[in-house]
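Student: Sharing a structure with you now.
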Amino acid sequence: MMRIKRLVIGSTNPGKIKEWKLLLGKFPLVSVKELGSFPEPEETGKTFAENARIKASHYARLTKEYVYSEDGGYEVEALGGLPGVKSRRILPGGKDGTDQQLIQFILKKLKGVPLKKRIVRLSFAAAVSDPKGNIIFEDSNSFLGTVSEKPGPVRIPGYPFRTIHLISELGKTYAELTEEEHEKYNHKKPVAKRLAKFLLEYK
């Protein structure tokens, strides 16, 4: 008998919730917002994996449910790996930025840097916690690309960096991918497959 009957998505980002409902197909998912109003955790980790664990455990203890959380961001080689774990808090003072502010911040930092030196890694780490806060699943993946010199024409709310993540072989940004192309290039899909298998087999 399947022990995990449903999975709570420990995020208030509407983009993530929609994405994982597509990635995990028929597996029952609910967002943490559907269960009530909970305080957000302090993301004090120094890596994406640490922050994913913090968020999953935090929401699991509060909801008494199995919780999936993730953390990820942009790692630009020309900026020494920045913004990294501070991908949404890179503005002066460590403030959270809007999608537009984050896009403009990165482009401004890279002004004058030639395209061949604008290598970037779109990374994320995933974690699942049991209702007691114990991490029972972890995974990660990343996708190399180039930071475009200007934003692409398509924006995905909650995922600002996909608008400037250029896939050179296609000549378009990640946000512009067709459904078929997204199936091929989605860096979360391999993790989703492994997670789906884990959820069905976990006892």
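Student: Return the residues of the range 58-110 that are under 17 Å from the mean Cα position of the chain (by Cα), of a type in the set (Gly, Ala, Ser) and in a loop (DSSP other than H, G, I, E, B); say none if nothing qualifies.
Tutor: Result: 81, 87, 97.
Student: Right, next: Select from the range 141-151 the residues that are surrounded by fewer than 17 Cβ atoms within 10 Å (Cβ to Cβ) and over 18 Å from residue 19 (Cβ atoms) and list them in ascending order.
Tutor: 144, 149, 150, listed by residue number.
Student: Of 108, 21, 46, 86, which residue is surrounded by 14 or more Cβ atoms within 10 Å (Cβ to Cβ) and over 17 Å from residue 129 (Cβ atoms)?
Tutor: Answer to the check: 21.
Student: If you don't mind, another one. Can you name the condition, by its number, that residue 146 falls short on among (1) touching a residue at least 40 places away in the same chain (Cβ under 8 Å); (2) in contact with a strand residue (DSSP E or B) (Cβ under 9 Å, 6 or more places away or on another chain); (3) not aliphatic (A, V, I, L, M)?
Tutor: Exception for residue 146: condition (1).
Student: Given (1) of a type outside the set (Val, Ile, Thr); (2) within 27 Å of residue 194 (Cβ to Cβ); (3) surrounded by fewer than 19 Cβ atoms within 10 Å (Cβ to Cβ), identify the lone condition not met by residue 59.
Tutor: (3)
Student: OK, next. Taking only the range 30-73 into account, find how many residues are out of contact with any Phe, Trp or Tyr (no Cβ under 9 Å at 6 or more places or on another chain), under 19 Å from residue 140 (Cβ atoms) and of a type in the set (D, E, K, R).
Tutor: Total meeting the criteria: 5.
Student: Quick one: how many residues across the range 4-31 are within 16 Å of the chain's Cα centre (by Cα) and either β-branched (Val, Ile, Thr) or assigned to a strand (DSSP E or B) (or both)?
Tutor: Residues meeting the conditions: 5.
Student: For the structure I just gave you, tell me whether residue 52 is surrounded by fewer than 21 Cβ atoms within 10 Å (Cβ to Cβ), at negative phi, in contact (Cβ under 8 Å) with a residue 12 or more places away in the chain and among the aliphatic types (A, V, I, L, M).
Tutor: Taking the combined requirement at face value, the residue does not satisfy it.
Student: Further question on the same structure: Hey, could you check the range 112-140 for residues that are small (Gly, Ala, Ser) and part of a strand (DSSP E or B) and say which is surrounded by the fewest Cβ atoms within 10 Å (Cβ to Cβ)?
Tutor: The residue in question is 140.
Student: Could you tell me whether residue 77 is over 16 Å from residue 162 (Cβ atoms), surrounded by 14 or more Cβ atoms within 10 Å (Cβ to Cβ) and among the acidic types (Asp, Glu)?
Tutor: yes
Student: Just for the range 37-49: of the residues that are touching a residue at least 12 places away in the same chain (Cβ under 8 Å) and either part of a helix (DSSP H, G or I) or of a type in the set (Gly, Ala, Ser) (or both), which one is farthest from residue 17 (Cα to Cα)?
Tutor: Checked the range 37-49; the qualifying residue farthest from residue 17 (Cα to Cα) is 45.
Any read-out appearing in this document is the output of simple, stated calculations on the displayed coordinates, not a laboratory observation. Please read all numbers here as calculations on a predicted model, not as lab measurements. Here the Cβ is made from the backbone with ideal geometry for all residues, glycine too, and neighbour counts use every protein chain on show.
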